[in-house]
Amino acid sequence: MAAAYAKMTGGLGVVIATSGPGATNLTTGLMEALLDQVSLLAITGMKPTAQLGYAEFQDVNQSRLFAGAGIEWSKDAASPEAVIPLLRDAVATALTRRTCAHLAIPVDIQCASSPLPLKHFCASHAALQIRPPAIDTLQLDATAASLVGAPDARKPRTIIAVGLRAAYGGPGMSDAILELAEALNAPVLTRLHAKGVVDESHPLSMGVIGVHGKPGLEAAALLVSSSDCVISIGVEDESLLVCNLAGLQIRKVIEIEPDAMACSTRFQADHTIVGDIEKICRQLASQIEILQIKVDKKRSIQQTMQLDESKMMEKFSYMMHNNPTAVEIGTHKKQLSLSRIVSDGIKSVVKDADTLWKAIHEGEWRKIQDYSDHTRVVDNEKDKISEGKDYCHPGVLLDALSRARKDKSTDAVSRNATIAVDVGDVTLWASLCLNLEAGSRTLYSERLGTMGYALNAGIASVLACPEPKGAVVLAGDGGFQMTLNELSTFQQHKRPGDKLLCIVLDNVVLGRVAFGFKSAKGCDLIGPDYVALAKAYGGDGVRLDKSCDAEQVVKMALEKEGLFLIHVIVDPNLQADMATVTDNSIALMNSG
């Protein structure tokens, strides 16, 4: 919850635990903060200093434990005088490095009087020293020139990738990023926990990139694989965007980050601009529009790429999979499927990628009038599995939720509710089918992939904001059962008007494991009556087993205050496909 709080607010999350299992049980949460690069301080108890190392009960060397998990700043307080300076250093480290810091305090030191008087805690201002006072205009101009390209060269194929750090900008962040996208005619892709930063009803918003460590969705995978350059806006890890499976950089990257500590040290950036992300995007868009007019006069948009088949195969093999799905842009309606690499050969797919990029560069997206559902990609054949049976299709449910959130008759708390997504097949359904307006917030265990995350994150997002606040928890039956005891936490701490809507997709199977691995064992599940469970905790709920009832049920659920649960019965054979990795040049085990 503390890691989710930090991710929600962009500030410092703090968790306090006892010695022994109180500390050891923190490991996953601390790793969550470490990998997703959010600021977290963990304070734990220890045995009395005189008993450290030989006490027979709950005596754990916590610093070594957490250091083994990758947490560099993990220390023990040896005296009352050391606590305050160590706390100062821990807070400064967590905030400036966007990482996790841990301080263990023996129980006898906890009981001691502080030798220092109460005074202003200055460490929180340390982060301000790594933010530039003004945007580097020379770097901005050079970046604009690079993105526009030379008149005698093919128009660069640029994608814009949006990460978590872009979520902490002002209300104009979506407009600023889309201004940049429109100036370049560049598609916009988001990491899942940045979903909603950019208005997803815009034609250039092409969906989510990076799900369970794989490219994720069809359109996003095709665009990344055929791109020349990635503009990385607040993205925590750029590996999926710029590297092949060997981890070697094969695409140019331009970084836009809020401060110097956020810049990547793993990849070579052609340009790095540090400062206010919203201002950078607006100024860059303005400069690009000026340069674009001059360059386009000398450049024919009909110029196409000179194919180097070996190099293109390296790019496209990274995204190969068996999920044929149409990607439609304006009047160009071809099967732009990466699986065609196998059946039709690399040149055919490259030609289709050329068609897609030509349509984007010519601005055909401007002609699209109704594109509100363009990010949804669901195989029609699989949709039919649920017909005539007592099941509700997740896509239908999430479409209904998307529409209800945009409906002005829905109350403000529900329209602005945080979306907390769990790990599993539900991750893909949310990525595929949920369409969010600008300013929406999504929380997800992006790097660690922790099942059970969503319920904790949803509760944390409610309590992190002024009342009343709402959250929608999207979880599968496997993930929800891992932390369902936290329903009591919400019931204990909820305030008047707070809302927690839990949507449990119940297909009685660990879907991502069962569908991702051939003949996987131990994936079948049983669960409780989730509606009865919600009522046992003092809430309410409803069972949903027909797609035709989804809109009515969602509308009713969003009107409820407090805890409400929708138990969604999902066809066990229905799966959400995604682009999987089969880079034939490198032997890797499939990780789901």
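Scan the stretch 129-155 for residues that are part of a helix (DSSP H, G or I) and open to solvent by less than 70 Å² (accessible area, probe 1.4 Å) and jot them down. Before the answer, list the steps.
Initial filter on the stretch 129-155 (part of a helix (DSSP H, G or I)): 129-130, 137-148.
Listed by number, the residues that qualify are Ile130, Gln139, Leu140, Asp141, Ala142, Thr143, Ala144, Ala145, Ser146, Leu147, Val148.
Contact map, the stretch 283-295: first residue on the phi > 0 side of the Ramachandran plot, second residue crowded, with 16+ Cβ neighbours inside 10 Å, Cβ cut-off under 8 Å, separation 6 or more or different chains; the map is empty. One residue alone among Gly247, Gly170 is open to solvent by 10 Å² or more (accessible area, probe 1.4 Å), part of a loop (DSSP other than H, G, I, E, B), without any contact (Cβ under 8 Å) to a residue 60 or more places away in the chain and of a type outside the set (A, V, I, L, M), and that residue is Gly247.
Entry remark, the stretch 364-398: residues being within 13 Å of Ser201 (Cβ to Cβ) and either at pLDDT 95 or above or not acidic (Asp, Glu) (or both) number 8 in total.
Looking only at the stretch 480-500, count every residue that is open to solvent by less than 80 Å² (accessible area, probe 1.4 Å) and of a type in the set (Lys, Arg) and tell me the total. Working first, answer last.
Initially, the stretch 480-500 is screened for residues open to solvent by less than 80 Å² (accessible area, probe 1.4 Å), giving 480-481, 483-484, 486-491, 495, 497-500.
Retained after the next criterion (residues that are of a type in the set (Lys, Arg)): 495, 499.
Summing the residues that are open to solvent by less than 80 Å² (accessible area, probe 1.4 Å) and of a type in the set (Lys, Arg) in the stretch 480-500 gives 2.
Filtering the stretch 531-539 for residues that are in contact with a Pro (Cβ under 6 Å, 6 or more places away or on another chain) and buried (at least 22 other Cβ atoms within 10 Å of the Cβ) leaves an empty set. Annotation: Leu284 fulfils all but one of (1) within 19 Å of Leu140 (Cα to Cα); (2) outside any helix (DSSP H, G or I); the unmet one is (2). When restricted to residues that are in contact with a Ser or Thr (Cβ under 7 Å, 6 or more places away or on another chain) and either of a type in the set (Phe, Trp, Tyr) or part of a loop (DSSP other than H, G, I, E, B) (or both), the stretch 173-186 contains 1. Among the residues of the stretch 476-490, the one identified as aliphatic (A, V, I, L, M) and either in contact with a Pro (Cβ under 6 Å, 6 or more places away or on another chain) or within 16 Å of Glu32 (Cβ to Cβ) (or both) is Met482.
The values are calculated or read from the model by the stated rules, or taken from the named source; none is laboratory data. Bear in mind that the values here come from a model prediction, so they are computed numbers and not experimental data. FYI the Cβ positions are ideal-geometry reconstructions off the backbone, even for glycines, and counts take in every protein chain you see. What goes into the accessible areas is simple: the full protein's heavy atoms, side chains included, and nothing from ligands, DNA or RNA. Shrake-Rupley method; radii C 1.70, N 1.55, O 1.52, S 1.80 Å.
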